[in-house]
2 protein chains.
Amino acid sequence: MTEIPIVRHVLDANDQVAALNLARLNQAGITAVNLMASPGAGKTTLILATAAALAGRLRVGVIEGDLATRIDADRVAAAGLPVVQINTEGGCHLDAAMVRGALDQMPLHQIDLLLIENVGNLVCPANFSLGVHANVVVASVPEGDDKPFKYPGIYARAQAVVLNKADLLEYLEFDSAAFARGVALVNPHAPVWPVAARTRAGIGAWTGWLEALHTQPAPDREEHVAAAG
Amino acid sequence: MTEIPIVRHVLDANDQVAALNLARLNQAGITAVNLMASPGAGKTTLILATAAALAGRLRVGVIEGDLATRIDADRVAAAGLPVVQINTEGGCHLDAAMVRGALDQMPLHQIDLLLIENVGNLVCPANFSLGVHANVVVASVPEGDDKPFKYPGIYARAQAVVLNKADLLEYLEFDSAAFARGVALVNPHAPVWPVAARTRAGIGAWTGWLEALHTQPAPDREEHVAAAG
């Protein structure tokens, strides 16, 4: 009887490609961060604000993940940043192979920090490693303060949480303490930074964290990833 | 050689259970609507506002879909409505079998209109029929006006669109005409109603549509579903 090799778990193959991505990024001296959020949480605006705040200190490149369109990539390109668009054509998350293909199109020698905007979704992206140095959830005030309780998987996977649209805190019912408790419940170590990406208010804590992550030696960053995805 | 039956497409099985759900609802004289939205678009608040606006005319029951927690079901129960919570435990959408199980727990003789709150997600729910009379997208102003372009699958599947948090239109950058163009591009026949579920402003057009849907004879409603899922 012929033995048939069985690939046991789809994540095994994805994790192997993720490891290749990470090695390639480390070799190029690039720090990569996977941004996960609901649709409309303001990921693209945060990316643009982050790149502007880091100008002259870290050169930012962007991978844009969407089901369809190049709306976000056009915004990023208009800001003069290197950008590659991935269209998943209905897929609810990026995976490591998509990122690998995007890295082929990215001028890696021109960037220090790679920000990857995942598909707007608080469920699926949590289950697929991309081969990055950190996973970050971008929450937003209008979504409400209960999201860490209701989408625990993605919050558990994050090394940090940006709470965007913080300029709306005075207009909307949002209990910041309840939100912080929710994050701490599923993820006791993740910092939470309120940011208004539109005005750049509060952006310093987040960009400071990114700079610190970038200055860590590659082996430390890799361990970081091995633990958390 | 033994013939092995192959179930060719996971949706086939789901569609069969969806048809059973629909037949059961029709027999009970219940109209069912599947509400799909991003996390935090205000589905639960819309459900509560809808039930209050329809009080004395249609008796509303609710199925709440979440990855985890019973936060939403508790809110609905506090309003005195029959409610069943489904926890998908990480799954990014409801399916027909989950709804079938929930129908077993629902006092069907006590309700006219069943509102099903799907998991907060603009991707996965579009691909699974539940066995309902209409699918509705609940958009929200803070998400931005580009969502129909970026999530065309779910907008294409909707019989109607509620644009919630319309009370924020004066505070946020949101181009209502661009949003309407986006909906029309992927779905020329779906009406769009701006609603502020929190204050119930604009709720009449939406609840009027629900009442009209409920008064249609069951065969008409079934054809409606056969065409659109």
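Against the main long axis of the alpha-carbon atoms of chain A, helix A:96-105 sits at an angle near 90°. Based on C-alpha pairs under 8 angstrom that are at least 6 apart in sequence, chain A has a relative contact order of 25 percent.
Round to a whole number: what % of the accessible area of chain B belongs to carbon and sulfur, probe 1.4 Å?
Details: 5180 of 9580 Å².
The value for chain B is 54 percent carbon and sulfur by accessible area.
Take the Cβ atoms of B:D15 and A:A180, set R0 to 30 Å, and the FRET efficiency comes out at 0.10. Taking the Kirkwood radius as Rh and the Cα radius of gyration as Rg, the range B:144-216 has a ratio of Rg/Rh equal to 0.98.
Here is how the number arises for chain A: DSSP H runs of 4 or more residues each give -39500 (n - 2.57), the sum is divided by the residue count, and the result at 222 nm is -12000 deg cm²/dmol.
Evaluated over the Cα positions of the protein assembly as shown, the convex hull gives a direction-averaged projected area, one quarter of its surface, of 24.4 nm². The same position B:Q216 in the other copies lies at 5.5 nm from this copy, comparing label points 7 Å beyond Cα toward the beta-carbon, shortest first. Over all orientations, the range B:13-75 has a Cα convex hull whose mean projected area works out to 5.5 square nanometres.
Helix B:203-215 axis versus longest C-alpha principal axis of chain B: approximately 30°, rounded to the nearest ten.
Based on a Kirkwood Rh over C-alpha pairs, give the Stokes-Einstein translational diffusion coefficient of the range A:67-184 at 25 °C and viscosity 0.890 mPa s in µm²/s. List each step's numbers first, then the result.
Details: Rh = 15.9 Å.
For these conditions, the coefficient is 154 µm²/s.
Per residue of peptide A:87-93, the mean number of Cβ atoms on other chains within 10 Å of the residue Cβ is 3. Averaged over residues, the count of other Cβ atoms within 10 Å places the peptides A:88-101, B:124-137, B:66-79, B:173-186 in the sequence B:124-137, A:88-101, B:66-79, B:173-186, highest first.
Counting only other chain Cβ atoms within 10 Å of each residue's Cβ, the peptide A:142-150 averages 6. Working note: Cα atoms of chain A, range along each principal axis, descending, whole Å: 68, 40, 37. Diagonalising the gyration tensor over the Cα atoms of the range B:96-157 and scaling each eigenvalue by 5 before taking the square root yields semi-axes of 27, 13, 9 Å, largest first. Taking a straight line from the alpha carbon of B:K150, these lysines sit under 23 Å away, with near neighbours fewer than eight places off in the same chain left out: A:K43, A:K147, A:K165, B:K43, B:K165. Summing charges over all other residues whose Cβ lies under 12 Å from the Cβ of A:V123, with Lys and Arg as +1 and Asp and Glu as -1, gives +1.
Position B:A68: other-copy label points at 3.3 nm, ordered by increasing distance, label point 7 Å along Cα→C-beta. Net length available on complete extension from A:R24 to A:Q110 is 29.5 nm, with 0.36 nm assigned per residue and the Cα-Cα distance removed. Other residues lying with their Cβ under 9 Å from the Cβ of B:D112 contribute a combined charge of +2, Lys and Arg counting +1, Asp and Glu -1.
One way to sum up the overall shape of the range A:86-132 is the equivalent ellipsoid from its Cα gyration tensor, whose semi-axes run 21, 11, 9 Å, largest first. The alpha carbon centroids of the range A:119-162 and the range B:190-219 are separated by 33 Å.
Taking Cβ atoms as reference points and 13 Å as the exclusive limit, the residues near A:G182 contribute a net charge of -1, counting Lys and Arg as +1 and Asp and Glu as -1. Computed from protein heavy atoms with a 1.4 Å probe, the total accessible area buried between A and B is close to 2200 Å². Note on the range B:144-211: dipole from Cβ charges, positive end direction compared against B:P188, B:A178, B:A156; the farthest Cα belongs to B:A156. Per residue of A:66-72, other chain Cβ atoms within 10 Å of the residue Cβ number 4 on average. Axis of helix A:176-186 versus longest Cα principal axis of chain A: the two differ by about 20°, to the nearest ten degrees.
The values are calculated or read from the model by the stated rules, or taken from the named source; none is laboratory data. In this text, all values refer to a predicted model and were calculated from it rather than measured experimentally. Glycine also receives a Cβ, built like all others from the backbone with ideal geometry; neighbour counts cover every protein chain displayed. Please note that ligands, DNA and RNA were not included when accessible areas were found on the heavy atoms of the full protein model with its side chains. Shrake-Rupley method; radii C 1.70, N 1.55, O 1.52, S 1.80 Å.
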